[in-house]
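Note sheet for the following structure.
Values quoted throughout were computed directly from the atomic coordinates according to the rules given, and no laboratory measurement underlies them. Everything quoted here is computed from the prediction, not taken from an experiment. Heads up, the Cβs are rebuilt from the backbone with ideal geometry, glycines too, and the neighbour counts pull from every protein chain shown.
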Amino acid sequence: MKRLLVLAYFFPPLGGGGCQRTLKLVRYLEPQGWRSTVVTTRDRDYWILDPTLESEIPGGAEVLRVGGLTAGKLLRALGRAGVPVQEPQGRRRARPLGALRAIQRWALVPDAYGGWARAAERAAESRIGEGGIGAVWTTSSPESAHLAGLALKKRHRLPWVADFRDPWVGRVTYRPPTPWHDARNRSMERRVVTAADRVTVVSEAMAALYRKRYPEIPPERFICLPNGFDSDDWLRADRAAVDPDAPKRFVLLHAGQLAHRPTVRTLLEAARLVRDRDPRARGELLLRFMGGNEEIDPGELGRYGLGEALELLPSQPHVESLVSMRRAASLLLLGHGGSADSLLYTGKLYEYLSSGRPVLAILDEGPAAELIRSTGAGAVIRPGDAEGAASTLLGWLQAWRAGKGPSAQVSPALLDRWERRNLAAQASGILSEIASDKPC
C-alpha cells in the first residue's frame with residue numbers, strides 16, 4: 001500500500017460539499033492501493049458540521065488535526081462577545097459578514113486560513129520525516145493549503161497534486177481591493193500551478209481556463225476530475241421511511257448552502273406569480289431551503305408574500321439531505337450568475353442528477369446548464385426570467401396534481417462515470433503516473 005499525504009481544511013466533522021469531495025477520495029482511494037494521511041483542522045469552527053461523516057473515514061487512514069487562527073475562530077469569538085454573525089447550521093448575516101470579508105481581503109492574502117495552513121505544513125513536515133509518504137494532495141479552498149503544498153514540494157520533491165475545487169483567481173468571492181492584492185494572488189497561483197505535478201479541477205471549462213491562462217505549462221497537466229455521487233449513500237437514504245406528507249405538497253427543494261446565489265430572487269418572484277395565477281398552489285406549493293442561509297435576509301421575505309409556502313431549515317446530515325431529495329417533487333439548482341456559471345457548478349448537481357427528480361435550474365450558460373439539458377434532467381431558466389420559471393413550475397405542479405409528477409432518469413452509463421469509486425480510480429491513475437516520475 002502506498003500512502004498519500006492530504007492537506008484539507010474541510011474534512012469531517014466539518015460538513016459541506018468540499019468535505020464530500022475529499023472524504024470520498026480518501027475512502028475510495030484505499031481499495032485502489034493508496035492509504036491516506038489527512039492533515040486537517042482540529043477546530044469545529046465552521047458554521048456547517050456533519051459528524052455522521054466521520055464513520056466513512058477508512059480504518060487505514062491517519063487523521064492529524066492541527067489548530068491555527070482562522071476566520072471561523074474570529075466569527076465564534078465575535079458571537080461570544082455579543083456580535084452575532086452566524087448561527088451554527090443555520091443563517092449567516094450578510095452585512096457584518098461582508099464587512100469582515102472586506103477587512104480580510106485587505107489584511108490576509110490569499111485567505112483567512114494562513115494560521116491553520118502553517119500549522120498543517122509543520123505537521124506534514126513531521127509526518128514526511130517519519131517516512132512512507134508517496135505523494136502529496138492539497139485541496140482548495142482555502143488556497144493557503146496550496147502554499148503549504150508548495151513549501152513541501154520545494155523541500156522534499158514529492159509528487160504533488162493541487163486540487164482546485166474553485167478557481168483561485170476569479171472565484172465567486174474573489175474581489176481584491178487593490179491591484180497589488182490582485183497581483184499577489186496571481187503570483188501565488190502561478191507558483192502553485194507551475195510547481196505542482198498535476199492540477200485537478202472540477203469542470204472541463206475550468207481546465208480550459210487554466211490552460212489558456214498558463215500557455216507555457218503543458219496543457220495535460222490540468223485535469224478535469226469532476227465531483228460525483230456515491231450510490232452507497234443513496235442505498236442508506238432509501239432505507240428511510242416514505243414521507244407520509246408527500247402526496248399533500250409539491251415540494252421544491254434546495255439542498256445545501258444558500259450563499260452567493262442572487263438567482264434565488266428569480267425563484268421567489270416565480271413562486272409569487274404561480275400563487276397569484278393558480279389559487280390551489282397556495283396550499284400545495286412548498287419551497288424548502290435546507291442548509292445554511294447567507295443569501296436571504298428574513299426582512300426581505302415579506303415582499304414576495306409567500307408566507308408558509310417558504311421554509312428555511314438548518315443544515316442536515318448528508319444522508320438525511322438525500323432522503324429529503326427523494327421525498328421532494330423536484331429539486332432547485334441556483335447558479336451564482338454571470339461568469340461564475342460559465343466555469344463551475346455546485347458539487348450537489350451529481351446527487352441531483354442521480355436522484356430521479358427533475359431539476360429546476362436558474363443559472364447562466366455554462367457546464368451545469370449544458371449537463372442538465374444534455375441529460376434531460378430538468379429545465380434551465382436564465383436568471384431574471386421569473387415568467388419562464390413560473391411557467392415551468394405551473395406545468396410541473398399541474399402534472400403532479402394529475403398523478404403524473406415529473407421525473408428525470410439519467411442514463412446509467414453517465415451515472416457510472418460520476419460514481420465516486422470510479423472518480424477515485426481516476427485519481428489513483430493520476431497519482432500512480434506522477435509517482436512513476438512521468439513528466440508533464
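Between the residues Phe164, Leu310, Leu253, the greatest Cα displacement towards the positive end of the dipole of the chain, with unit charges on the Cβ of Lys, Arg, Asp and Glu, is found for Phe164. The count of lysine pairs in the chain whose Cα atoms are under 24 Å apart, excluding pairs fewer than 8 places apart on the same chain, comes to 9.
Quick one: length gained pulling Trp106 to Glu387 fully straight, 0.36 nm per residue minus the C-alpha distance? Could the numbers behind the result be given before it?
Values: separation 281, 0.36 × 281 = 101.16 nm, distance 4.08 nm.
The Trp106-Glu387 span can extend by a further 97.1 nm.
A straight chain from His181 to Lys404 at 0.36 nm per residue would run longer than the Cα-Cα distance by 74.8 nm.
Counting only alpha carbon atoms, the long axis of helix 114-130 and the longest principal axis of the chain meet at about 50°. Please report the net charge: other residues with Cβ closer than 15 Å to the Cβ of Arg21, K and R +1, D and E -1. Combined, the nearby Lys, Arg, Asp and Glu give -2. A simple count of charges around Val202, restricted to other residues whose Cβ falls under 11 Å of its Cβ and scoring Lys, Arg +1 and Asp, Glu -1, yields -1.
With a 10 Å radius around each residue's Cβ, average the other Cβ atoms per peptide and rank 368-377, 181-190, 14-23, 295-304, highest first. Let's see the in-between values first.
Working: 368-377: 18.4, 181-190: 15.9, 14-23: 23.4, 295-304: 13.3.
Ranking the peptides 368-377, 181-190, 14-23, 295-304 by packing returns 14-23, 368-377, 181-190, 295-304.
How much of the pair distance distribution for the range 272-426 lies past 19 Å, counting alpha-carbon pairs only, in percent? The share of Cα pairs beyond 19 Å in the range 272-426 comes to 59 percent. Residue-wise HN-Hα couplings along the range 6-13, as the Karplus relation 6.51 cos²θ - 1.76 cosθ + 1.60 with θ = phi - 60° gives them from phi, are 10, 10, 8, 5, 8, 7, x, x Hz; Gly and Pro carry x.
Shape annotation for the chain: C-alpha extents along the principal axes are 68, 49, 41 Å, from largest to smallest.
Compared with the alpha-carbon gap, the fully stretched path from Glu308 to Lys154 is longer by 49.7 nm at 0.36 nm per residue. Counting Cα-Cα pairs of the range 335-431 in 5 Å increments starting at 0 gives whole-percent bin shares of 2, 12, 19, 21, 19, 13, 7, 3, 2, 1, 0.
For the range 1-54, the average shadow cast by the Cα convex hull is 3.5 nm², which is a quarter of the hull's surface.
If the label point is 7 Å along Cα→Cβ of Ser436, which residues in the range 5-44 have backbone nitrogen under 16 Å from it? Counting only backbone N, you get 33-34. Only one residue of Pro226, Val274, Gly115 has its Cα farthest out toward the positive end of the dipole of the chain, where Lys and Arg carry +1 and Asp and Glu -1 on Cβ, and that residue is Gly115.
What shape does the range 225-321 have by the C-alpha gyration tensor, where a ≥ b ≥ c are the square roots of the eigenvalues, rounded means a/c under 1.5, and otherwise prolate means a/b greater than b/c and oblate the rest? Working shown, then result.
On the way: a/c = 2.29, a/b = 1.39, b/c = 1.65.
Oblate shape, in that a/c is at least 1.5 and b/c is the bigger or equal ratio.
May I ask for the net charge around Ala237, where only other residues with Cβ less than 9 Å from the Cβ of Ala237 are counted and Lys, Arg are +1 while Asp, Glu are -1?
Details: positive: Arg236, Arg239, Arg326; negative: Asp233, Asp238, Glu320.
Net charge around Ala237: 0.
Label positions at Arg213 and Thr173, each projected 7 Å from the Cα along the C-beta direction, are separated by 1.7 nm.
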